[in-house]
Structure formats: C-alpha cells, structure tokens
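First the structure, in the form of structure tokens, and then the observations on it.
The values are calculated or read from the model by the stated rules, or taken from the named source; none is laboratory data. No experiment lies behind these values; they were computed from the predicted model shown. When we count neighbours, we look across all protein chains shown, and the Cβ atoms used for this are built from the backbone with ideal geometry, even at glycine. For the accessible areas, the whole protein counts, side chains as well, though only heavy atoms, and no ligand, DNA or RNA atoms are used. Shrake-Rupley method; radii C 1.70, N 1.55, O 1.52, S 1.80 Å.
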Amino acid sequence: PFILSIAGGGSTYTPGIVKSLMVQLEAFPLAEIRLYDIDEARQSTIAPVVEKVIRDHSQSIKFTVTSNAETALSGAHFVFAQMRVGQYKMREQDEKIPLRHGVVGQETCGPGGLAYGLRTILPMVELIDLVERYADKKAWIVNYSNPAAIVAEGVRRLRPKARVLNICDMPVAAMRNMGAILGVDRHKLEVDYFGLNHFGWFTQVRVDGEDRLPALREHIARFGLLTEDASQTDPQHADPSWVKTWRNIKPIMDHFPEYLPNPYLQYYLMPNEIVAHQDPDHTRANEVMDGREKKLFAAAQEYKRSGILPDAFHVGVHGAFIVDVACSLAFDLRQRHLVIVENKGAIANLPYDAMVEVPAYITSEGPEPVRMGAVPLFHQTLLMQQLASEQLLVEATIEGSYEKALQAFTLNKTVPTMQHAKAILDEMIEANRDYWPAL
Ligand code: G6P
Ligand code: MN
C-alpha cells in the first residue's frame with residue numbers, strides 16, 4: 001500500500017479527492033494519507049472532514065496533518081499537488097485587475113493566468129526539490145496546480161528530470177458531458193485532441209471505433225456542450241457561470257464547426273462578449289468564496305458541533321481523474337488519458353519541446369504521447385502565439401525580466417494593445433509584491 005501526500009491539503013478540493021481515493025481503494029491501496037499545507041489554520045479546519053471521509057471507508061489508513069515538509073513527504077510514493085499560491089484573495093486580484101481595463105478577468109487565461117504563473121512557478125520548483133529530498137526515489141508528483149500550462153513549462157525549464165505529471169480535469173469534464181449527451185459512459189469514449197492546457201481542440205470522439213463528433217456537432221448547435229436539461233455536469237461545473245461556459249461552445253462551433261473546442265478557448269476567441277458579461281466587482285473568485293468555500297467551512301463547523309457531516313462536497317471527474325492517472329502510473333497500466341506532456345513530435349508542427357496537451361499512454365515511467373499529426377494553420381498560429389506568451393512569462397519569472405513579462409502580456413490574445421498590457425502588468429506588480437520575483 002502507498003503513502004500519499006496531498007500538497008495543498010487545505011484546498012476545497014481535498015475532501016472530493018479523498019472521497020475518490022476511498023471509492024477506488026481496491027485499485028489504489030493506501031497505507032497513509034498525509035495532508036500538507038503551509039496554511040495550518042485552513043488545513044486544520046478541513047482536516048476533520050477529510051478524516052471522517054476516510055474513516056467511513058477504512059479504519060486502517062493512517063492519517064497525518066502537517067505543515068512540515070519532512071513529515072509530509074518522507075518515504076511518500078505519490079504526491080498530489082494542488083497549491084494555490086496567494087489563495088482566493090489573489091485569484092480575485094487576477095480577475096479584477098484586467099477587468100478594470102476592459103480585459104478578460106480569469107484565473108488561468110489572459111493576464112490573470114500570467115500573474116498566477118509568476119506566483120506559482122518557483123514555489124512549485126521548491127515542492128519538487130522537497131519531494132526529491134524526502135520522498136521515495138521513485139515517487140511521482142501528479143500536479144493539478146494551475147496555471148497548468150505555465151507551471152508545466154516552468155518545471156520543464158527548471159527541473160527537466162523531475163517525475164512530475166501535469167494534469168487538468170477540463171478535457172475529461174468535457175468528455176463527461178459528451179458521454180451524457182451521447183448516452184454513453186464517459187470511460188467508453190476514446191478521443192483525439194491537440195493543444196496546450198486550457199487551449200485545445202477535440203478532433204475525434206470515438207465510441208467503439210466510430211467517430212461520434214458529427215452527432216455532438218448537431219447537438220452542440222442547439223444546446224452547447226450540455227444535455228438539453230443541463231443535468232449532466234457534476235456539481236463542480238454546475239454553477240450558472242459554468243453552465244454559460246458550456247453553452248459558449250455553441251458560438252465557437254457555429255463559426256468553426258470542424259473541431260470541438262476546449263471551453264477555455266472562449267476567453268481568447270470572444271473576449272469582448274465575455275467581458276461584457278463579467279461583473280468587475282464580483283468575479284468567479286467571489287462566487288467560489290461565497291459558494292464552495294463557505295459551504296465546506298460550514299460543513300466542517302457543523303460536523304464539529306454535531307458529529308454529523310453534511311454532504312457539502314462531491315465526487316466528480318476532478319477526483320476520479322487524478323486517481324485514475326495515479327493508478328496507471330503505479331501499476332504501469334498504460335491507460336490512455338489526456339495529459340500535459342513534452343510534445344516530442346506528437347503535434348508535428350509545434351516545437352519538439354513545447355508542453356502540449358494530447359492523449360498519452362500512462363506508464364510507470366511516465367506518459368508516452370500519441371501522435372496527433374500536423375494541425376491546420378489557423379490552430380497552429382493560435383497555439384504558437386499562446387505558447388510564446390507562456391514561454392516568455394516563464395523566462396520573465398526565471399530572469400526577473402520586466403520586458404519579457406510585458407512581451408508575454410502583449411502577446412496574449414485577450415490583450416488588445418501594448419498599452420493595456422503595460423497598465424495591467426504595472427498594477428499587478430503592486431498587487432503581487434509579496435509573491436512575485438522582482439521584475
Ligand atoms: C476547471 C479547470 C481548472 C480550474 C477550475 C476552476 O476544473 O480545469 O483548471 O481551476 O475549473 O473552477 P472554479 O470552480 O474554481 O472556478
Ligand atoms: Mn484545468
């Protein structure tokens with residue numbers, strides 16, 4: 001049985017991930033679960049909830065809660081990383097600063113994502129070094145920490161040999177919705193997909209070898225990537241803002257019907273419309289703080305008071321996916337999953353060393369990307385621009401370069417002019433004083 005550490009133990013996602021682990025204990029046997037967070041107060045609020053989830057399924061799994069790296073990581077076989085540097089307070093800034101300039105305010109897309117990248121790359125590298133120092137020599141870090149595309153590129157540049165697999169639940173969440181639309185269990189879908197994280201396209205959706213994209217195309221033209229009654233998304237993606245996000249697949253496919261876009265492409269392809277519908281004083285960070293976070297804290301309090309744990313969290317693709325990936329790594333299952341991986345020719349007309357999101361077979365030595373071939377000029381160009389923006393941001397972080405940061409912001413497709421880029425960057429430097437390297 002494995003020792004698993006969850007870095008970012010105080011996250012609102014932790015109970016859901018642990019619940020998924022409990023459901024899959026037979027496939028992924030555990031001796032110990034350790035929660036590790038630098039915010040002790042937050043983590044100790046959530047820990048009793050997590051412990052209850054474990055004890056409902058197992059009396060024998062050891063449970064440890066710590067802010068000490070050595071205690072957290074010693075001998076660990078797996079580390080699930082989900083750090084949020086600056087927490088929701090800084091997510092709020094990432095979203096609100098660009099919006100004040102009429103630019104998309106989003107956690108991972110546009111200037112918000114770039115700002116978040118500047119905060120996260122170096123702490124992620126610190127975690128990798130701690131894992132290397134204390135954990136089992138064959139330990140894998142399975143990393144959900146955002147902005148995943150930038151984090152992956154930063155890790156590739158700074159710790160190229162690290163056993164880190166960067167993942168995102170958005171493609172598999174899209175597949176959950178596809179499965180519901182087609183009336184097929186999502187595990188029966190086999191997809192082709194190319195892109196960068198939060199910036200890619202499904203090119204085929206096969207069920208028993210037959211491409212069902214044509215059927216999905218027809219459905220999406222009417223309802224977006226949702227069943228007619230919008231019943232299929234699990235609670236993580238069911239808030240009204242997420243329902244709107246799934247519906248916005250429709251206008252994109254109305255214009256470019258060939259491939260099925262990752263929902264995040266709407267921030268790049270229709271930014272004006274997105275901004276027009278965003279409230280600059282109340283963004284997604286506020287929704288999450290008032291919703292998911294409040295609910296979990298209230299449940300923790302209720303549990304402390306009455307010993308009864310309200311069902312304030314859920315198992316969905318987010319938890320299920322990271323456990324599936326870990327199983328495939330642990331037992332060399334060679335399952336096919338969409339993950340973020342060094343290109344190595346998988347997308348023939350993108351750079352060999354770009355960190356791309358494609359299907360890969362997950363072996364115990366890591367992902368083996370599947371060849372997706374060359375992509376059309378339109379998509380290649382969008383991808384190259386986004387890749388350049390993200391790579392410049394990574395270089396800005398490593399070199400402390402203001403000019404490269406400004407180039408990264410200017411190249412981002414959500415940002416209309418150099419002047420917008422500079423105004424936003426300068427405000428973000430102020431807001432991120434405690435987090436960014438000096439530029
Ligand atoms: C999806 C994405 C994640 C992102 C999350 C935000 O799951 O794949 O990268 O962090 O959505 O969801 P939230 O509910 O926090 O806005
Ligand atoms: Mn993601």
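Highest mean first, the peptides 388-397, 346-355 sorted by other C-beta atoms within 10 Å per residue fall in the order 388-397, 346-355. What you get for the stretch 30-185, charging only the Cβ of Lys and Arg (+1) and of Asp and Glu (-1), is a dipole of about 280 debye around the Cα centre. Over the stretch 1-72, the Kirkwood radius and the radius of gyration, each from Cα atoms, give a ratio Rg/Rh of 0.93. Under the classification rounded if a/c is under 1.5, otherwise prolate if a/b is larger than b/c and oblate if not, where does the stretch 71-196 fall, given a ≥ b ≥ c as square roots of the Cα gyration tensor eigenvalues? Cα axes put the stretch 71-196 in the oblate bin.
What a 1.4 Å probe finds exposed on the chain is 51% carbon and sulfur by accessible area, rounded to a whole percent.
Averaged per residue, the stretch 92-171 has 29 square angstrom of accessible surface, using a 1.4 angstrom probe with ligands and nucleic acids left out.
For the stretch 342-439, averaging the sequence separation of C-alpha pairs within contact (under 8 Å, six or more residues apart) and dividing by the residue count gives a relative contact order of 18 percent.
The residue among I220, G200, I181 whose Cα reaches farthest toward the positive pole of the charge dipole of the stretch 106-228, with charges on the beta-carbon of Lys, Arg, Asp and Glu, is G200. Peptides 209-218, 246-255 ranked from most to least packed, by the mean per-residue count of other Cβ atoms within 10 Å: 246-255, 209-218. Under 5 Å from the amide H of Q335 lie the amide H atoms of I362, each residue being 5 or more positions distant or on a separate chain, with H modelled from the backbone and absent for Pro and chain starts. Using a cutoff of 8 angstrom between alpha carbon atoms and counting only pairs six or more residues apart, the relative contact order for the stretch 63-152 works out to 41 percent. The stretch 9-75 and the stretch 78-122 have Cα centres lying 26 Å from one another. The value of relative contact order for the chain, using C-alpha pairs under 8 Å at least six residues apart, is 18 percent.
For the chain, the 222 nm mean residue ellipticity estimated from helices alone, with every DSSP H stretch of n ≥ 4 adding -39500 (n - 2.57) and the total spread over all residues, rounds to -14500 deg cm²/dmol. Take 74-87, 127-140, 102-115 and order them by the average number of nearby Cβ atoms within 10 Å per residue, most first; the result is 102-115, 74-87, 127-140. The mean of 1/r over all distinct Cα pairs in the stretch 265-344, once inverted, gives the Kirkwood hydrodynamic radius of 16.9 Å. When the Cα gyration tensor is reduced to axis lengths a ≥ b ≥ c, the ratio a/c is 1.5 or higher for the stretch 180-223, and with a/b not above b/c it is classed as oblate.
Using a probe of 1.4 angstrom and keeping all protein chains present, the accessible surface of the stretch 255-321 works out to 53 square angstrom per residue. Note on the stretch 290-331 and the stretch 360-439: Cα centroid distance 31 Å, given to the nearest whole angstrom.
Here D39 sits with roughly 40 square angstrom of accessible surface, probe radius 1.4 Å. Between the beta carbons of Q380 and S44, assuming R0 = 56 Å, the FRET efficiency works out to 0.70 to the nearest 0.05. Across all Cα atoms of the chain, the radius of gyration (one decimal) and Dmax (whole number) stand at 20.7, 60 Å. Taking a ≥ b ≥ c as the square roots of the Cα gyration tensor eigenvalues, with a/c under 1.5 meaning rounded and otherwise prolate when a/b beats b/c, else oblate, which class fits the stretch 219-297? Oblate is the answer for the stretch 219-297, as a/c is 1.5 or above yet b/c matches or exceeds a/b.
Under the convention that each Lys and Arg Cβ holds +1 and each Asp and Glu Cβ holds -1, the size of the dipole of the chain around its Cα centre is about 340 debye. Overall, the stretch 162-315 carries a charge dipole of about 360 debye about its Cα centre when +1 sits on the Cβ of Lys and Arg and -1 on the Cβ of Asp and Glu, all other atoms neutral.
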